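What follows is a single structure, written as structure tokens, with notes after it.
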Amino acid sequence: MTDIQTLGDRLIANLEKVVLGKRQAIELTVIGLLCQGHVLIEDVPGVGKTILARSLAKSLGCTFNRIQFTPDMLPSDVTGVSIYNQEKREFEFRPGPIVGQIILGDEINRATPKTQAALLEAMEERQITVDGATHELPRPFMVLATQNPIEYEGTFPLPEAQLDRFMLRVRLGYPSLADEISVLEGQQIRHPIETLEAVLSAAEALEAAAAVREVYVSEPVKRYIVELTSRTRSSPDVYLGASPRGSLALFRASQAKAALQGRAYVVPDDVKAMALPVLSHRLIIDPAARLRELSAERVVQEVLLTVAVPGSNFEPSAPARQA
């Protein structure tokens, strides 16, 4: 797992040249990439959400497409359309912006539910279907969607089916005083992203993602993951808990977290570190609990405190290592 740690450190360091003082958010984004998952970046305007997505694409040398969601947008504006070619006398598929490797869905909650639904197949099956024809999407394929949690006028809440397809929710927050001064100094002449170079290839990213799946997860840790997600479903403050897809996302994210730490096995601390960004956006809080200003993050934190942490050996046995 040392190679994945080296690749991860190189990618994180490159992203930190542009997005200053946000190592935790950058690390979560890299974990999403290593798990071939999608990331929902939720924060106020102007803190670097778009720049993070563009920097990731440049760091990997991947194609980057931006979709600016608006209320009048149609599903075909996302997926593409089939146009009749009079010379060839056949229909030709004109791909939409979703056909790319790193996709930025800017202000995704401004699109209508019908348009948002156009992303569901792409995010889950890595393909799109237009006029009955299925088109595979390139690899790696990653959607980084942004939304403003403050302004709700003219927005449409993301359906639960779509929220569940986001592996992680990331929040950047405002920079510190020193970091904000560094931002001013770094952009005095030109933006740092203009000189950002690729430090990984798309093929290397896919190889690392495949290697992450080989990270060992012991039976006690698997049980711990499932108990955490199950407890969110039985909480009296939760109307809808995390789905089995949430368990799988927590499983994958914990593997990537361990690999970035240079370990070939997952420990409970990896699971605890990933529980909040993986599970909190999947919960629907009961209306009575919402009146008490209870948040989904608070529920996940309480679940982490109530579920017993396994205490056995988490390393693979000798035969498993040889295999």
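Bear in mind these aren't lab numbers, they're just calculated from the coordinates by the rules spelled out. Here the structure is a predicted model, which is why all the values come from computation and not from measurement. Note: ideal-geometry Cβ built from the backbone for every residue, glycine included; neighbour counts use all protein chains shown.
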> According to a simple spin-label model (label point 7 Å from Cα along Cα-to-Cβ), what is the distance in nm between ALA308 and THR155?
Replying inline: 4.2 nm
>> Cα atoms only: what Rg and Dmax, in Å, come out for the chain?
In response: 20.6, 70
> Size of the stretch 48-132 along its principal axes in angstrom, Cα-based, largest extent first?
Replying inline: 46, 31, 22
> For the stretch 19-159, how many pairs of lysine residues have a Cα-Cα distance under 30 Å, where the two are 8 or more positions apart or belong to different chains?
Replying inline: 4
> To the nearest Å, what is the center-to-center distance of the stretch 205-244 and the stretch 272-312, using C-alpha atoms only?
Replying inline: 13 Å
> When only DSSP loop residues count, what trypsin sites (Lys or Arg not before Pro) in the stretch 24-121 have their Cβ near at most 10 other Cβ atoms within 10 Å?
Replying inline: LYS88, ARG89
> Taking the mean number of other Cβ atoms within 10 Å as a proxy for protection, how do you rank 167-180, 94-107 from highest to lowest?
Replying inline: 94-107, 167-180
> In deg cm²/dmol, rounded to 500, what helix-only [θ] at 222 nm does the chain give when every DSSP H run of at least 4 residues adds -39500 (n - 2.57) and the total is split over its residues?
Replying inline: -13000 deg cm²/dmol
>> Can you tell me what share of the DSSP beta bridges in the chain is antiparallel? A percent to the nearest 5 is fine.
In response: 40 percent
> Arranged by the count of other C-beta atoms within 10 angstrom, fewest first, what order do THR50, THR29 take?
Replying inline: THR50, THR29
> So what's the convex hull volume per residue for the Cα atoms of the stretch 216-311, in Å³?
Replying inline: 81 Å³
> Most mobile of LEU56, LEU40, LEU120 per a Gaussian network model of the chain (Cα springs, under 10 Å)?
Replying inline: LEU120
> Amide H neighbours of ILE285 under 5 Å, counting only residues 5+ apart in sequence or on other chains, H built in-plane at 1.01 Å?
Replying inline: TYR239
> Of the listed peptides 281-288, 246-253, what is their order by residue-averaged count of other C-beta atoms within 10 Å, with the highest listed first?
Replying inline: 246-253, 281-288
>> I'd like the per residue volume of the convex hull spanned by the Cα atoms of the stretch 164-222, given in cubic angstrom.
In response: 192 Å³
> Considering the dipole of the stretch 52-138 built from charges on the beta carbon (Lys and Arg +1, Asp and Glu -1) around the Cα centre, which of ALA53, PRO75, GLY100 is farthest to its positive end?
Replying inline: ALA53
> What are the lysines whose alpha-carbon lies under 16 Å from the alpha-carbon of LYS257, with same-chain residues fewer than 8 places away excluded?
Replying inline: LYS222, LYS272
> Tell me, what are the semi-axes, in whole angstrom and largest first, of the equivalent ellipsoid of the stretch 193-262 as set by the roots of 5 times the Cα gyration tensor eigenvalues?
Replying inline: 32, 17, 9
